4 protein chains.
Amino acid sequence: MYVDLTVVPVAAPDDAPVDRVFGRRVLAVIGKTEGNGGVNDFSRALATRAWTEGLSEPALTVMSGGTEGVLSPHVTVVSEGSTSGNGRLAAGFAQTPRLSVEGLGRREQVDAVAAATLEACRNGGFDPRNAHMVLVKCPLLTTEQIVSARGGAVTDDPYLSMARSRAASSLGVALACGEIGGVEADQGLAGDPSVWSAVASASAGIELDRCLVLAFGSRLDPGGQLNAETVVMHDAIDVEEIVALRDRIRAAGGTIVQVFAKAEASPDGRIRGLRHTMLTDTDLSSTRHARAAVGGLLAGVFGRTSIYVSGGAENQGPPGGGPVTVVWQEPTGGGETRR
Amino acid sequence: MYVDLTVVPVAAPDDAPVDRVFGRRVLAVIGKTEGNGGVNDFSRALATRAWTEGLSEPALTVMSGGTEGVLSPHVTVVSEGSTSGNGRLAAGFAQTPRLSVEGLGRREQVDAVAAATLEACRNGGFDPRNAHMVLVKCPLLTTEQIVSARGGAVTDDPYLSMARSRAASSLGVALACGEIGGVEADQGLAGDPSVWSAVASASAGIELDRCLVLAFGSRLDPGGQLNAETVVMHDAIDVEEIVALRDRIRAAGGTIVQVFAKAEASPDGRIRGLRHTMLTDTDLSSTRHARAAVGGLLAGVFGRTSIYVSGGAENQGPPGGGPVTVVWQEPTGGGETRR
Amino acid sequence: MYVDLTVVPVAAPDDAPVDRVFGRRVLAVIGKTEGNGGVNDFSRALATRAWTEGLSEPALTVMSGGTEGVLSPHVTVVSEGSTSGNGRLAAGFAQTPRLSVEGLGRREQVDAVAAATLEACRNGGFDPRNAHMVLVKCPLLTTEQIVSARGGAVTDDPYLSMARSRAASSLGVALACGEIGGVEADQGLAGDPSVWSAVASASAGIELDRCLVLAFGSRLDPGGQLNAETVVMHDAIDVEEIVALRDRIRAAGGTIVQVFAKAEASPDGRIRGLRHTMLTDTDLSSTRHARAAVGGLLAGVFGRTSIYVSGGAENQGPPGGGPVTVVWQEPTGGGETRR
Amino acid sequence: MYVDLTVVPVAAPDDAPVDRVFGRRVLAVIGKTEGNGGVNDFSRALATRAWTEGLSEPALTVMSGGTEGVLSPHVTVVSEGSTSGNGRLAAGFAQTPRLSVEGLGRREQVDAVAAATLEACRNGGFDPRNAHMVLVKCPLLTTEQIVSARGGAVTDDPYLSMARSRAASSLGVALACGEIGGVEADQGLAGDPSVWSAVASASAGIELDRCLVLAFGSRLDPGGQLNAETVVMHDAIDVEEIVALRDRIRAAGGTIVQVFAKAEASPDGRIRGLRHTMLTDTDLSSTRHARAAVGGLLAGVFGRTSIYVSGGAENQGPPGGGPVTVVWQEPTGGGETRR
């Protein structure tokens, strides 16, 4: 299904200005909320509740916590698009069954997400190899679940379970999109950061018990209003290819509608040979550091702060880097930024 | 005096690799240390102690806390430069008398810093109107000092005293460099953010009882190895003029040696009309947010992370923005980046 | 009206086990939620939403953020009590009109809260001089409101506005309960910490635009199941009088149902002559420090962690201390702790 | 050797008032500094540097970070005691060889600490079974060390390495003092929290590459001025036995000189059946929560805030609890608290 995107600023996590999307069939709401993005980030649940209650029909809500630095809280509403343009951007949705506590962060989750990704691409009408961004919202483990598993959980630290869950989800996407095979998936689960997907974007939250998959991709046949392209940042300051894409879009008369990025602290503690301090800061989680820095960079490049930067890029792009998907409107198109 | 700059990465706050500057007469050490940049940031005192003990002769040490996001802990060693090049960058130093507790953040501090700035420019051999960056390291008020003042201190909150001290220092620089007059200085003290200096860069620390002023500027007569230029960011994502300066330097065959920037959260809570959350985050001070974001942006633009980004830009550049000074080496020059 | 209290543990901010209070007429829900207790604590709004939606009839919801240290998230449900016991504890409710942005933290708020407190005591059927605890939930100022007031707000810092709002509310309670007069109220507003109420307990939240007042007190005529007594901690470790009260209740065969306390960092930076570091910690707000410490102390004294400790005790008890109200059930009574 | 203890308040991490201990032979300085107690707590290194430079002869410096809540930064100076009293408290010191990166948190560290503990008790002149408190200061792993070990380190997270190092140190103490055998030590390393020492008190810091062991114990022969007794808290609010000890000491005319405690968040997320939120707080590490809460409780019980509460009690007392050692002066004795 071709889709349109509408970027809607919000005044608080429970601000759901649904009138902004009046008259459209809403498929999904992808939000950045202003919590800490960690285990106890309740801004996500609050926003999910507000949008779910506000929309007249069921829609997927993916709320990612953390608008550090210049980032502005907002939601991107994904709605059914027109069928009369030259754009190729489409989207499809699917979800996994409920995950077991023991299966989180393990092959059970990888395979479940892979199956859901294939289904989502099929629903969207595009080949998984033409996926641009596959958003996965996945569960974490609470202290209670960890205790109930009696040592069977993948980790005994709730905060670390977020990383494990994002990793397994991303490996599932990579498997489905043909980026890796099963052997590499197991290597990735074992902690090999060189196994990664260029299209996965996973975030973990306390309010879920299964994985929700929203896949964006390009259909072969034109018809919609929007297009998308994904580039990979190879470290957290690798901006040249992004600048080049921006300039190409502008030169062709296009209008950038939204930017989706993943950010993380490079696990070896260095960027281009120099030490960073994101991993040794006991006051501030590295995901907050990384979102702030990459958010500042991309906001400067694109001249706006209501962009989607999600932290924790385990197996999503190379170690310390991450994929960036830019969505733009064709010169005579329909996607729009309101308010 | 013409100066050279050497950027030295450090492994910890108490890592002072003084052998890197062997054979140079060191005037100052300007460091970014990895603490929180707030009242209880002891990385500054630790670094000051290590460098002071390590250097063979007295030098000014200005340690600014906070390397959030991609920023890398480092020091910029300012040493006596050659006198045989075409560069014009020079520096001079001065300090104020000890400030009274009641005078901090008030006109006493403004006037003392203005006098010291004039003296520093004179020592550097350049006109105050040609100053590029005037670094001021200034005191803050501790809880004990605030109590001892019995209501006479400018604020009763130690953290806020850092902001007041930076503001008064910056207004003093502006007064000395002819950017404002006395009336505007008083307006600035009263909280008017539209009164600002384009060259001041102030940071506050618990380890001082007076203000230290290190002024950089351009001499009329060429002779050194380095040049500098200051541009102003009008908000925290205002990067176009900086990119243009970078491209001009590169086109002319120059090599960028160091970048000095100030960053702050815009006090009206908005950037280009959209809400940011830096001022309403009780977990994380806005200066940490701002350093991370602006640091990410500038690191991306310049392709390196050992740059100087100092938080808290009260009256240093327009509200929410701040001055950025770029120092570069002439095509056949002597400043260098080691390690 | 005589009241019963039921302490209900919760599994998350949006866990509202309303079946625990089935069959009772609920007057109020007083919760401790697990956010940071600061400006961006969305656990309060989430819990308010969950309980409001869960209860079959309207009830006052007072959610106070912050369960640092050993404290356990819970709600205390206040319901209509029996009329056949020997207890005297009663409660009444009232609210102020909407506060203006300029009036917050000023005499407008003091007088409005005083009037509401008088009304609440009257509704509860007891003399204001016999009040035990007067809970006030009051607004804070957002960055947007501060900007809209163009300098007219009592402070330009959202976090500080919480303190100003708590102070004004507490002074209003003190005025109504005959603890102070109007002159002292103005001194308190001007920052004099020696002006305080022994019964006020105020907390500020982003989700309100007026003050809600729930007053507890002792009626002259016995009839209910519960009794209460308030003692004042003179500093954050002043526990002897509380231990004595506990021992008296136990000796008389009573059962302690709930404990309500206020905690704050002593503003002079010292406790019994020795320095504390709560006010100079840029990583962690002093209210979190204080709740954790006083919560640990009271949990140890009473042997349970589901007690109510609210931070920010401006003008609520002496500087650095705060009032503690202990509610107990008579030997043959009806208040109970469930789950 | 019999020892005396002198508790010295400090004004900052680099405040080392060595005149307070003039004329005594100083064996050790045990400090609580005001950092976050985590990886990037530089207050420890700063204090170590200040005391090392200030003392006229070499002494062991054990600096433990974190004075959350009401706790007051201070040092306890351990000096050579008199030999003419009735007290039995003695102390001895030893250290391990440098630990390998791979050996940290593993059996290598356990055995090295066990050997050093035996040596320290022998140096102190008491049987290891009569040890009261064995302080171990141990290393952590930095990101650089973890990377250099290429997967061989016990964990790839610097913050978690602190916990692993404390656990291995504590198991080594338990082994030496006859509390456990080698099989239990391995179980403890594998994560079994039911294997613990009642006398170990370990803290980890970035400034070390080996373990330092300072053992306190009771000699069979009286001669000094001080005595000590250790009780175990079985959870973080288990205070009754401590209150009883305090009352016994007071009744016998003794004066309490210092209290040493360990604190941690119970790993199952519950205290007496009710949920705590220390482990799911992404903003604030659980060690800071635990120190604040237990510090508040003990400060209330003993009526003073300059007590030693160290966080992270892995295998030091039962899960969620920890040992508490109380040192007191005999009715006619010499240990004292100055300033």
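Before moving on, here are some points about what is shown:
- Under-5 Å amide H pairs with A:Leu141, H placed in peptide plane, nonlocal only: A:Ser161, A:Met162
- Cα shape, region D:202-259, gyration tensor, a/c 1.5 rule: oblate
- Distance from region A:30-64 to region A:228-295 (C-alpha centre basis), Å: 24
- Region A:152-213: C-alpha gyration tensor shape, a/c 1.5 cut-off, then a/b vs b/c: oblate
- Label-point separation, A:Asp221 to B:Asp209 (7 Å along Cα→Cβ), nm: 8.2
- Contact order for region D:226-337, expressed relative to its length and based on alpha carbon pairs under 8 Å spaced 6+ residues apart, stands at 49 percent.
- Estimated inter-spin distance, B:Arg122 and A:Ser56, nm [label 7 Å along Cα→Cβ]: 7.6
- Extension gain, C:Ser100 to C:Ala11: 0.36 nm times the residue separation minus the Cα-Cα distance gives 28.4 nm.
- A loss of 30 Å² or more of accessible area (1.4 Å probe, protein heavy atoms, ligands and nucleic acids excluded) relative to the isolated chain is seen in these residues of region B:49-77: B:Arg49, B:Glu53, B:Gly69, B:Val70, B:Ser72.
- Counting only protein heavy atoms and a 1.4 Å probe, region C:224-337 has 27 square angstrom of accessible area per residue.
- Taken across both chains, chains B and A shield about 2800 Å² of accessible surface from a 1.4 Å probe.
- Distances between placed amide hydrogens fall under 5 Å for B:Leu27 paired with B:Val78, B:Ser79, B:Glu80, all partners being 5 or more residues away or on another chain.
- Ranking B:Gly300, B:Pro13, B:Ala200 by Cα position along the charge dipole of chain B, where only Lys, Arg, Asp and Glu carry charges on their C-beta atoms, puts B:Gly300 farthest toward the positive end.
- Divided by 2.2 N^0.38 Å, where N counts the residues, the Cα radius of gyration of chain A comes to 0.91.
- Amide H contacts for B:Ala198 (H built 1.01 Å from N in the peptide plane; partners 5 or more residues away or on another chain; cut-off under 5 Å): B:Gly317.
- Ratio Rg/Rh, restricted to region A:8-142 and using Cα atoms, in which Rh is the Kirkwood radius: 0.98
- 7 Å along Cα→Cβ, label-point gaps from D:Gly182 to other copies, nm, shortest first: 4.3, 8.4, 8.4
- Under the convention that each Lys and Arg Cβ holds +1 and each Asp and Glu Cβ holds -1, the size of the dipole of the protein assembly as shown around its Cα centre is about 0 debye.
- Taking each residue as 0.36 nm, the span from B:Asp247 to B:Glu229 lengthens on full extension beyond its C-alpha to C-alpha distance by 5.2 nm.
- Only the Cβ atoms of Lys and Arg (+1) and of Asp and Glu (-1) were treated as charged; on that basis the dipole of chain A about its Cα centre amounts to roughly 500 debye.
- Chymotrypsin sites (Phe, Trp or Tyr not before Pro) within region D:1-56: DSSP coil, no more than 12 neighbouring Cβ in 10 Å: D:Phe22
- Accessible surface of the protein assembly as shown [probe 1.4 Å, protein heavy atoms]: carbon and sulfur percent: 50
- Here the spin labels are modelled as points 7 Å beyond Cα on the Cα-Cβ line, and at D:Asp186 and B:Ala149 they lie 6.4 nm apart.
- A label point on C:Gly152, set 7 Å along the Cα-to-Cβ line, lies at 3.6, 6.3, 7.0 nm from each of its counterparts in the other copies, closest listed first.
- Stokes-Einstein D for the protein assembly as shown, Kirkwood Rh over Cα pairs, 4 °C, 1.567 mPa s (µm²/s): 40
- Overall form of region C:224-337 per C-alpha gyration tensor (a/c, 1.5; a/b vs b/c): prolate
- Label points for C:Glu80 are taken 7 Å from Cα along Cα→Cβ. From this copy to the others they lie 5.0, 7.9, 9.0 nm apart, shortest first.
- Scanning chain A for DSSP H helices at least 15 Å long along the axis (C-alpha atoms) with a Kyte-Doolittle mean no lower than 0.0 picks out A:158-176, A:286-302.
- Across region A:33-102, the relative contact order, built from alpha-carbon pairs under 8 Å that are at least six residues apart, equals 31 percent.
- For C:Lys137, the lysines whose Cα comes closer than 19 Å to its Cα, not counting residues fewer than 8 places off in the same chain, are C:Lys32, C:Lys262.
The values are calculated or read from the model by the stated rules, or taken from the named source; none is laboratory data. Because the structure is predicted, anything quoted here is derived from the model rather than measured. Heads up, the Cβs are rebuilt from the backbone with ideal geometry, glycines too, and the neighbour counts pull from every protein chain shown. Heavy atoms of the whole protein, side chains included, go into the accessibility calculation; ligands, DNA and RNA do not. Shrake-Rupley method; radii C 1.70, N 1.55, O 1.52, S 1.80 Å.
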